[in-house]
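The values are calculated or read from the model by the stated rules, or taken from the named source; none is laboratory data. Nothing here was measured: the structure is a model prediction, and the numbers come from that model. Here the Cβ positions follow ideal geometry from the backbone for every residue, glycine too, while neighbour counts run over all protein chains shown.
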Amino acid sequence: MMNKTIFKIIAISLFSLFVYSKSNAQCIDLVKDKGFTYLDTSKYVPEARFNALPLREGDDVDIYKSFFKGRKYRIVVVAAENMPKLNFKVTNFQRQVLYDSSITKMESWDFTSEMNQNLIISVFVPKQSDKKKKPESGCVAVVIGSIY
């Protein structure tokens, strides 16, 4: 009985690791293929860290990021091919909207930071209108680059 329990725990652990590795690889490929292309790495130096995670229709996530005075930035938000078009907003900590992609319909935003500041990048995956269909899920990535 004890052996079966241990075997189940090991099997579940290995399966979870496999699923995590597969979704993590999908996110890295998305950043390399789409994120860096929209970032235009010939002009913008990408940050060493990027934010990428699997999301589902209807999910949202907030990313908190520091920006420094005088630097020009590009924020890029991309998703896997099967995902609906994303919406993202950039706000300050008082939730004043500095940028809203639902208005401009762009996947990126270029700006020069006028001061050292912490901003919130809020990403929302809209739901599809077809309620009978299972919600899509896939990787979403936020890539930030700057010109020094």
Inset, instruction - Just give me the residues in the range 30-62 being of a type outside the set (Val, Ile, Thr) and either free of Cβ contacts under 8 Å to residues at least 60 places away in the same chain or closer than 16 Å to Lys72 by Cβ (or both), in sequence order. - result: Lys32, Asp33, Tyr38, Leu39, Asp40, Ser42, Lys43, Tyr44, Pro46, Glu47, Ala48, Arg49
Legend entry - Condition check for Ser66: in a strand (DSSP E or B), among the small types (Gly, Ala, Ser), in contact (Cβ under 8 Å) with a residue 12 or more places away in the chain and surrounded by fewer than 19 Cβ atoms within 10 Å (Cβ to Cβ): yes
Legend entry - 1 or more residues surrounded by 13 or more Cβ atoms within 10 Å (Cβ to Cβ) and in contact (Cβ under 8 Å) with a residue 40 or more places away in the chain: qualifying strands (runs of 3 or more DSSP E) within the range 94-141: 108-112, 117-124
Legend entry - Residue among Asn118, Asn87 that alone is in contact with a helix residue (DSSP H, G or I) (Cβ under 7 Å, 6 or more places away or on another chain) and of a type in the set (S, T, N, Q): Asn87
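Specify which of the listed residues (Ile103, Ile63) is β-branched (Val, Ile, Thr) and at pLDDT below 90.
Working: Ile63 fails: at pLDDT below 90.
Being β-branched (Val, Ile, Thr) and at pLDDT below 90 holds for just one of Ile103, Ile63, which is Ile103.
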